[in-house]
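A.B. asks: Quick one: this structure, given as structure tokens, is what I'll be asking you about.
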Amino acid sequence: MTDRRSELRELLYAHPAMARELPPAFDTAAVPDGPGELFADWLIGALRDGVPDAQTAVLATTGLDGAPDGRVVALRELDPEPGLWWFHADARSPKGRQLAADPRAALTFYWPALGRQVRVRGTVEAAPVERTAAAFRELSPKSRTAALVGRQSEPLAGPERFDRAWREADRELAGQPELVVAEYRQYGVRAVEVEFWQGSFDRRHQRLAYRRAGEGWRRELLWP
Ligand SMILES: Cc1cc2nc3c(=O)[nH]c(=O)nc-3n(C[C@H](O)[C@H](O)[C@H](O)COP(=O)(O)O)c2cc1C
């Protein structure tokens, strides 16, 4: 019988993280005053380099039981100047309820091909209803159907229940193309801390942290 534990251990040691050529060290002294601009530079670079799903991040929240929780979401917009990172979600989902109870959140981006990580910590705020309704109407038909189906993270009795709900939602949207799911939200994480991490094959990683200080930002290097 294969010993899965030792097989896996062997594979993990044979495949160390970031064992490939990565971008050269970045000039931590020649960076913008705020983190939004630097993040935009890095994300645009990742998207243009073809990093798959470069706009996705792990969203960490505090569970209603006080324990940490996390899941992947997609970044939809960025306001570099105030430092707002926007994602969309249903207010009735576990994460939506968690954020209503405690708006503190973190977004962690990782671009493996570039060995880059960005950590954003802050507090979420929801966009005004009219703006969200307009954004909802711009979604692809499939995304609107998925949002109307709703019930995210509730137990599903079987795939046929989902198929039926999907068909019903499709029909409803076809009859009412202007329909907006009232619980659909645009959440913006207003950053208080943003850290840029550039990995290096030789483990001489670089870390640059921005922290809000009054109207501006304070920058400092961190030991890797
Ligand atoms: C690549 C990827 C992108 C995703 N994007 C979103 C998103 O933008 N919004 C969202 O609510 N869920 C998104 N999800 C699904 C979430 O990870 C999660 O399964 C779902 O939102 C339920 O989370 P919750 O139970 O913590 O509320 C995405 C998942 C993946 C893998």
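Any read-out appearing in this document is the output of simple, stated calculations on the displayed coordinates, not a laboratory observation. This structure is a prediction, so every number in the text was calculated from the model and none was measured. As a convention, Cβ positions derive from the backbone with ideal geometry for all residues, glycine included, and neighbour counts pool all protein chains shown.
A.B. asks: Between GLY96, GLY175, GLY150, find the one with the highest GNM mean-square fluctuation for the chain; connect C-alpha pairs within less than 10 Å.
C.D. replies: GLY175
A.B. asks: Next question. So who's got an amide H within less than 5 Å of the one on HIS205, skipping anything under 5 residues away but keeping other chains? H placed 1.01 Å off N, in plane.
C.D. replies: HN-HN under 5 Å from HIS205: SER200.
A.B. asks: By how many degrees, between 0 and 90 and to the nearest 10, does the Cα long axis of helix 159-175 differ from the longest principal axis of the chain?
C.D. replies: So the inclination is approximately 70 degrees.
A.B. asks: Still on this structure, I have one more. Enter the mean projected area of the convex hull around the alpha-carbon atoms of the chain, in nm², rounded to one decimal. The partial results should precede the final answer.
C.D. replies: Details: hull surface 67.2 nm².
So the Cα hull casts an average projection of 16.8 nm².
A.B. asks: Here's another thing I want to ask about it. Expressed as an acute angle from 0 to 90° and rounded to the nearest 10, what is the orientation of the C-alpha long axis of helix 4-14 relative to the principal long axis of the chain?
C.D. replies: Once rounded, the angle reads 50 degrees.
A.B. asks: Amide H neighbours of THR56 under 5 Å, at least 5 residues apart or on other chains, H built in the peptide plane: list them.
C.D. replies: Correct list: LEU75.
A.B. asks: Please state the shape class of segment 124-167: rounded when a/c is under 1.5, otherwise prolate if a/b exceeds b/c and oblate if not, all from the C-alpha gyration tensor. It would help to have the intermediate numbers written out before the result.
C.D. replies: Working: a/c = 4.28, a/b = 1.87, b/c = 2.29.
Oblate, because a/c is 1.5 or more while a/b does not exceed b/c.
A.B. asks: Also: Tell me, what ³J(HN,Hα) does each residue in segment 179-188 have, in order and in whole Hz, if you take phi through Karplus 6.51 cos²θ - 1.76 cosθ + 1.60 with θ = phi - 60° and put x for Gly and Pro?
C.D. replies: 4, 10, 6, 4, 8, 5, 10, 9, 9, x
A.B. asks: Given segment 1-130, report the % of alpha carbon pairs whose separation exceeds 18 Å.
C.D. replies: Working: 5285 of 8385 pairs.
Counting every Cα pair in segment 1-130, those more than 18 Å apart make up 63 percent.
A.B. asks: Give a residue-ordered list of calculated ³J(HN,Hα) values for segment 70-77 (Karplus: 6.51 cos²θ - 1.76 cosθ + 1.60, θ = phi - 60°; whole Hz; x for Gly, Pro).
C.D. replies: x, 6, 7, 9, 9, 6, 9, 8
A.B. asks: Based on the Kirkwood radius over alpha-carbon pairs, what value in µm²/s does the Stokes-Einstein equation return for the translational diffusion coefficient of segment 56-112 at 37 °C and 0.692 mPa s?
C.D. replies: In µm²/s, the coefficient is 274.
A.B. asks: Once amide H atoms are placed 1.01 Å from N in the peptide plane, what residues at a sequence separation of 5 or more from LEU22, or on another chain, have their amide H within under 5 Å of its amide H?
C.D. replies: PHE201
A.B. asks: What Rg and what Dmax come out for segment 130-224 when only alpha-carbon atoms are used, in angstroms?
C.D. replies: Rg then Dmax for segment 130-224, in Å: 21.7, 59.
A.B. asks: For segment 172-202, which chymotrypsin sites (Phe, Trp or Tyr not before Pro) pass both filters: DSSP loop (anything but H, G, I, E, B) and at most 16 other C-beta atoms within 10 Å?
C.D. replies: On the way: sites: TYR184, TYR187, PHE196, TRP197, PHE201; in loops: PHE201.
Passing both the DSSP loop test and the Cβ count: PHE201.
A.B. asks: Sort GLU178, GLU10, GLU183 by Cβ crowding within 10 Å, fewest neighbours at the top.
C.D. replies: Working: GLU178 8, GLU10 11, GLU183 14.
Neighbour counts put them in this order, fewest first: GLU178, GLU10, GLU183.
A.B. asks: Apply the Karplus curve 6.51 cos²θ - 1.76 cosθ + 1.60, θ = phi - 60°, to the phi angles in segment 18-34 and return the couplings in whole Hz, x for Gly and Pro.
C.D. replies: 6, 8, 6, 6, 10, x, x, 3, 9, 7, 5, 8, 9, 10, x, 5, x
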